[in-house]
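Inspection log for the structure reproduced underneath, given as structure tokens.
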Amino acid sequence: MTPSVPTYTVLAFYTSAGLWNTCMGMFQVLLPLYALTLGYSILQISSLVALPVAAEIVARLFGSALSDRFGERRVLKGCFFLMVLAALALTHAADYRLLLLAQTLAYFSRSIFWAAIQSLASQLGGASLGKRLGRLSASNYSGSLIGQSLAGVAAAFVGYHRSFVLLTSLAVLCTLFGFALPRLKSKPSGRNIWKITVGIGELLRHRRVWLAITASYAAAIPLAITISVYPLYLAYLEFGEQWIGVTVSFRSLGPILIGLLIGSWVTIARQKWIYAVGMAGLGVSLVASGLTGNFVLLGLCIFFLGSAGAVLDLLNQVQATEWSQAGDRTVAMASMGLGWNFCPFLTPLIVGWVAEAQGFRFAFVAAGALFALAAAGTGLWYRWLGAEAYGPS
């Protein structure tokens, strides 16, 4: 790290990232299971997960513009406060509308979290870019693992209301850590929000940016599936709530190891090979999920699914960093990470609809086959979208 960034602020940075993900992990498990106890169908729950994403896309881009104008630190504090509001809304939710409100607030928090936290990590200095982003990834997924495991166990043993109170308390603690985040140099002056937002459109004109968006879409698949279809699939297989939370949390184990052990290995020069391996890993994991109902094997499938997504996520962050300047970093992260918005919107609706019409197993196998085809076509996508193995032009 650079000397200008005190150690305690870096610790607060990683701790707040882990806490926010603990809250989001709990939210992702508790909301669909709670909705299931209220009697909603698979499609209704999938729509509950997916519908707020449409507004989240706009919030992500606007939030990134705010971050590049006023700084990541301020935006992250607002993000943490939104999670507090989402947790409070979930605590009082008793029907579809209030559940939708809680989900929307959580998604707004998520829409501004990722680009801002990744941009801040990329500017801390010290270790290599891949290693810094890898450490952040490990903190994020560790928090998600704890949150998802804790949510299922808490729901089973103390009930949903107390679980919601615990979620709210953790969100408040995360907000307090936000006041100790690192202070970086000021953003370039003389720019307004409108000019920064217009710059997003100019960035999206570059074809290689769309390749990065496909990587971010694929990276979001483990999240999109484990917050919507997987909990319902496991409930369909008659697993208890505590086991559902534990099984879904396996998604975070692989990314923790990848972030700590091979983060520095993910570079722009290796992007084509990494892209193909990540897509293939998603495909195999999804197909295998549809072919087994065994608890241990499903846990392994979710583990490898999360690992494949983490590799693609690190690749996406490296692409956004190498293809942008520090003053526009958050906008670049948000734009090239748009797949993280489209995927949780489209995937639960499509897979949920197929699962309701043809069954869970068919839905998993069909989704996996699509990603296997995407892996096979890696060379074509790179030629078509013109991605180059060098930094910003």
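With the structure loaded, tell me whether Phe364 is in contact with a helix residue (DSSP H, G or I) (Cβ under 7 Å, 6 or more places away or on another chain), farther than 26 Å from Ile256 by Cβ, in contact (Cβ under 8 Å) with a residue 40 or more places away in the chain and among the aromatic types (Phe, Trp, Tyr) or whether it fails that test.
On the way: in contact with a helix residue (DSSP H, G or I) (Cβ under 7 Å, 6 or more places away or on another chain): yes; farther than 26 Å from Ile256 by Cβ: no; in contact (Cβ under 8 Å) with a residue 40 or more places away in the chain: yes; among the aromatic types (Phe, Trp, Tyr): yes.
In short, no.
Being at pLDDT 95 or above and part of a helix (DSSP H, G or I) narrows it down to one residue among Ala334, Ala310, Ala363; which is it?
The conditions single out Ala363.
Please tell me if Ser47 is out of contact with any strand residue (DSSP E or B) (no Cβ under 9 Å at 6 or more places or on another chain), of a type in the set (Ser, Thr, Tyr) and surrounded by fewer than 21 Cβ atoms within 10 Å (Cβ to Cβ).
yes
Please go through region 321-331 and give me each residue that is outside any helix (DSSP H, G or I) and surrounded by 21 or more Cβ atoms within 10 Å (Cβ to Cβ), ordered by number. Show your work before the answer.
Just the residues of region 321-331 that are outside any helix (DSSP H, G or I), to begin with: 323-325.
Once the filter is applied, which keeps residues that are outside any helix (DSSP H, G or I) and surrounded by 21 or more Cβ atoms within 10 Å (Cβ to Cβ), region 321-331 yields Trp323, Ser324.
Filtering region 304-320 down to residues that are closer than 11 Å to Leu253 by Cα and aliphatic (A, V, I, L, M), which residue is surrounded by the most Cβ atoms within 10 Å (Cβ to Cβ)?
As a first pass, look at region 304-320 and keep what is closer than 11 Å to Leu253 by Cα: 304-307, 310.
Checking which are aliphatic (A, V, I, L, M) leaves us with 305, 310.
On the way: Leu305: 28, Ala310: 31.
Looking at residues that are closer than 11 Å to Leu253 by Cα and aliphatic (A, V, I, L, M), I get Ala310.
Which members of region 263-299 meet the condition of being of a type in the set (S, T, N, Q), touching a residue at least 12 places away in the same chain (Cβ under 8 Å) and more than 21 Å from Glu322 (Cα to Cα)?
Correct list: Ser285, Ser289.
I'd like to verify a number: residues in region 219-228 that are more than 16 Å from Gly299 (Cβ to Cβ) and part of a helix (DSSP H, G or I), how many?
Going through region 219-228 one residue at a time, the tally reaches 4.
Collect the residues in region 87-120 that are surrounded by fewer than 24 Cβ atoms within 10 Å (Cβ to Cβ), of a type in the set (D, E, K, R) and in a helix (DSSP H, G or I), keeping them in residue-number order.
Arg97, the sole residue that qualifies.
Looking at region 256-278 only, could you name the residues that are surrounded by fewer than 21 Cβ atoms within 10 Å (Cβ to Cβ) and not in a helix (DSSP H, G or I)?
Correct list: Ile262, Thr267.
Could you list, in sequence order, the residues of region 301-322 that are under 27 Å from Gly290 (Cα atoms) and small (Gly, Ala, Ser)?
Those that are under 27 Å from Gly290 (Cα atoms) and small (Gly, Ala, Ser): Gly306, Ser307, Ala308, Gly309, Ala310.
Residue-by-condition table, conditions (1) among the β-branched types (Val, Ile, Thr); (2) more than 30 Å from Ala116 (Cα to Cα):
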position	(1), (2)
Gly306	no, no
Leu312	no, no
Val318	yes, no
Glu322	no, no
Ala366	no, yes
Ala369	no, yes
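Go through the residues of region 271-279 one by one and say whether even a single one is touching a helix residue (DSSP H, G or I) at 6+ places or on another chain (Cβ under 7 Å) and among the small types (Gly, Ala, Ser).
yes
Being assigned to a loop (DSSP other than H, G, I, E, B) and either under 24 Å from Gln317 (Cβ atoms) or modelled with pLDDT of 90 or more (or both) narrows it down to one residue among Leu176, Leu184, Leu211, Leu166; which is it?
Matching residue, one of Leu176, Leu184, Leu211, Leu166: Leu184.
(1) in a helix (DSSP H, G or I); (2) out of contact with any Leu (no Cβ under 7 Å at 6 or more places or on another chain); (3) within 30 Å of Leu51 (Cβ to Cβ): which one isn't true of Glu238, the others all being true?
(1)
Name the residue, out of Arg69, Arg60, that is touching a residue at least 60 places away in the same chain (Cβ under 8 Å) and more than 28 Å from Gly352 (Cβ to Cβ).
Arg69
How many of the residues making up region 348-360 are in a helix (DSSP H, G or I), more than 22 Å from the chain's Cα centre (by Cα) and of a type outside the set (S, T, N, Q)?
The total comes to 6.
Consider Pro348 carefully, then state whether it is surrounded by 18 or more Cβ atoms within 10 Å (Cβ to Cβ), touching a residue at least 60 places away in the same chain (Cβ under 8 Å) and touching an Asp or Glu at 6+ places or on another chain (Cβ under 9 Å).
So Pro348 fails the test.
On the basis of being over 21 Å from Phe179 (Cβ atoms), aliphatic (A, V, I, L, M) and modelled with pLDDT of 85 or more, does Ala65 make the cut?
Here the answer is no, as Ala65 does not meet what is asked.
The values are calculated or read from the model by the stated rules, or taken from the named source; none is laboratory data. This one's a predicted model, so the numbers in the text were calculated from it and none came from an experiment. With ideal geometry, Cβ positions are generated from the backbone for all residues, glycine too; neighbour counts draw on all protein chains shown.
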